[in-house]
Amino acid sequence: MKRNFNGSRQPGFYKLSLAQRQAKLEEYGLLTPEDLAALTGKPGLTPEKANHMIENVVGVHALPLGIALNFLINGRDVLVPMAVEEPSVVAGASFMAKLARAGGGFTAQASAPEMIGQMQVLDISDHAAAEQAILAHKTELLADIAEIDPILKKLGGGPRDLEVRIIEQSPLGTFMVLHLIYDVRDAMGANAVNTACERLSAKVETLTGGRVHLRILSNLADRRLVQATCRISLSELSFGDFSAEQVRDGIIEAWAFAEADPYRAATHNKGIMNGVDAVVIATGNDWRAIEAGAHAYAVQKGRYSSLSNWGKDEKGDLVGSLEMPMAVGIVGGATKVHPSAQAALKLMDVSTASELAEIIAAVGLAQNLAALRALATEGIQRGHMNLHARQVAMAAGAESELIEKITQQMIAEKAVRVDRAEELLREWSDHE
Ligand code: MEV
C-alpha cells in the first residue's frame, strides 16, 4: 500500500462525515478498505471469533473509535486511534498535541522491555544460606530458561537477571521473593515470564530448601518505563480572557495540588489514563495491567502522587513530563487476533512495542494537559457538557438530525439534561 500521508495536522477533519474521514485514511494509504471495515465493526471482531477468545461468549461489546490528530512524536507525525466512551477525550488530546507541535511536539523514550516475574518461596529455615545458594547458581538458573521461547531468543529477548528479596514484615513472618528479570521484546510478556517462573520452581526449591508458592508476573513493571516530555511555548497558551502567564501558572498550580494530595492525584492520574487507556484498548492491549502498573508506580515516592510533572523553563515556556510503566505488546494475544487492534497498529505504523509505548505516553501527557488547562481556566464543564450534550440527546431517544438539533438547543439554553432532551424530542418529533 503506497503511503501518501501528509501529516497528523488535519484541519477540518472533525467536520467531515464518518464516511469522508474513512475515505481520507484510505486516500493517505494508511488503511485498506479491509482495515477500515475491521475498524467499523463489520467484519471486525465477530461473535464467532470472540467465542475463541474468552469463555461463555454471547456477543461482542463495541466502543467508539476516534482518531487523535496533530501528534508529532519523536519527529514523526502519527494519527492515534483511541477507543473510549467519554466525550472530549479525543478532542482534548488533539488540541493539546496541536499546542505542543509549535514547541517541537513530544519526545518520548521507552526503556528496555524488561518485565519482572515473581516467585514466592516459603518455609525456608535459613534465608541467608538460601540467598547465597540462589546467587551462586544464578547463571545456571538463567540458562535453564533461555530457550523457552525460541522466537523471543532470536529477537534478542530472554532472561536478564535474578534478584533475591527477603520480606520480613508479613502475616506469614519472613519469606523470600525471587524476581526474574526477563526481556520480552515486542510482547506484553505475561506468558513468557509466567512460563519461565514455573520452569524455575523445582530448582529453586532444591537450592533453597523451601517451597515455591506463587509464580506470576508483577504488574508493577518499573523496569519497563516510558517517559514523554513536551514544551508548550508561552505564546500558545493565552485564550479568551486568560493571559498566557495565567494559563501556564494555573496549570503548574493545578499540578502542585496533585503532587501534594492523593485525593487530587487520583483524579489527575485518571485524566492521564483517559488518554493512555484509550490507545491501549484500541490496540488490543491489557488495560487492567497498565492501570495496575500506573497506580502502583504513582506511590513510589512513599505516597500516592502525580505521574506527571509540570513547570516552566528559563524562557518561561510550559514544560511537562510523564513517566510510568508501560507493558504493552504488538505481537501475540488480542493485539494479533482482534482485527480492529491490527488495523489500529497499522494506522500508527509502529514496528516495536517500545514505539507504541512512546506514543501512548505522549497521548497520556497531552490528555493531562487538556484537563489541567480547562480546570485551571474556565472549568471542565463548559467544554465537557457541550460534547456530553450529544450523548444526553441520544440517551433521550433522539436519532439522526434530531441529535444535533436537540444538542444545540440544550447548549443554547444551558440545560444539558435528559428531561429537557426528552421534552424537546417530544415537541420536535410531533412536528416532523
Ligand atoms: C475526567 O474524565 C478527567 C478529569 O477529571 C481529569 C482531571 O481532573 O485532571 C478532568
Within segment 269-307, can you find the residues that are hydrophobic (A, V, I, L, M, F, W, C), within 12 Å of the chain's Cα centre (by Cα) and assigned to a loop (DSSP other than H, G, I, E, B)?
none
Test: residue 320 is crowded, with 20+ Cβ neighbours inside 10 Å and under 14 Å from the mean Cα position of the chain (by Cα):
no
Among the residues of segment 22-35, which ones are more than 21 Å from residue 9 (Cβ to Cβ) and either buried (at least 19 other Cβ atoms within 10 Å of the Cβ) or more than 26 Å from the chain's Cα centre (by Cα) (or both)?
33, 35
Being polar (S, T, N, Q), at pLDDT below 95 and under 18 Å from the mean Cα position of the chain (by Cα) is the requirement here; does residue 88 meet it?
yes
For the structure I just gave you, tell me whether residue 131 is of a type in the set (Asp, Glu) and within 19 Å of residue 211 (Cβ to Cβ).
yes
Output the residue which, of all residues in segment 247-260 that are more than 22 Å from residue 101 (Cβ to Cβ) and open to solvent by 40 Å² or more (accessible area, probe 1.4 Å), is nearest to the ligand (Cβ to nearest atom).
257
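To keep it simple, each residue is scored yes or no on (1) away from the ligand (no atom under 16 Å from the Cβ); (2) at pLDDT below 95; (3) crowded, with 17+ Cβ neighbours inside 10 Å.
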{"position": "265", "(1), (2), (3)": "no, no, yes"}
{"position": "271", "(1), (2), (3)": "no, no, yes"}
{"position": "274", "(1), (2), (3)": "no, no, yes"}
{"position": "288", "(1), (2), (3)": "yes, no, no"}
{"position": "300", "(1), (2), (3)": "yes, yes, no"}
{"position": "306", "(1), (2), (3)": "no, no, yes"}
{"position": "311", "(1), (2), (3)": "yes, no, no"}
{"position": "316", "(1), (2), (3)": "yes, no, no"}
{"position": "328", "(1), (2), (3)": "yes, no, yes"}
Please indicate, with yes or no, whether at least one residue in segment 362-377 is away from the ligand (no atom under 16 Å from the Cβ), under 18 Å from the mean Cα position of the chain (by Cα), crowded, with 24+ Cβ neighbours inside 10 Å and of a type in the set (Val, Ile, Thr).
no
So the helices (runs of 4 or more DSSP H) completely within segment 1-75 holding 3 or more residues that are under 30 Å from residue 102 (Cβ atoms) are 18-27
Residues of segment 184-200 being modelled with pLDDT under 95 and closer than 15 Å to residue 220 by Cβ, which ones?
188, 189, 190
Within segment 328-425, which helices (runs of 4 or more DSSP H) (wholly inside it) include 3 or more residues that are under 30 Å from residue 46 (Cβ atoms), touching a strand residue (DSSP E or B) at 6+ places or on another chain (Cβ under 9 Å) and not polar (S, T, N, Q)?
339-348, 353-375
The one condition residue 387 fails out of (1) within 26 Å of residue 320 (Cα to Cα); (2) within 16 Å of the ligand (Cβ to nearest atom); (3) open to solvent by 10 Å² or more (accessible area, probe 1.4 Å); (4) not polar (S, T, N, Q) is (1)
Can you name the residue in segment 185-242 that is within 31 Å of the chain's Cα centre (by Cα) and among the acidic types (Asp, Glu) and, of all such residues, is most open to solvent (accessible area, probe 1.4 Å)?
198
Would a scan of segment 255-267 turn up a residue that is touching a helix residue (DSSP H, G or I) at 6+ places or on another chain (Cβ under 9 Å) and closer than 21 Å to residue 108 by Cα?
yes
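The values are calculated or read from the model by the stated rules, or taken from the named source; none is laboratory data. Quick caveat: nothing in here was measured; it's all calculated off a predicted structure. Positions of Cβ are backbone-derived with ideal geometry, glycine not excepted, and every protein chain shown enters the neighbour counts. Accessible surface is based on the protein model in full, side chains and every heavy atom, while ligands, DNA and RNA are left aside. Shrake-Rupley method; radii C 1.70, N 1.55, O 1.52, S 1.80 Å.
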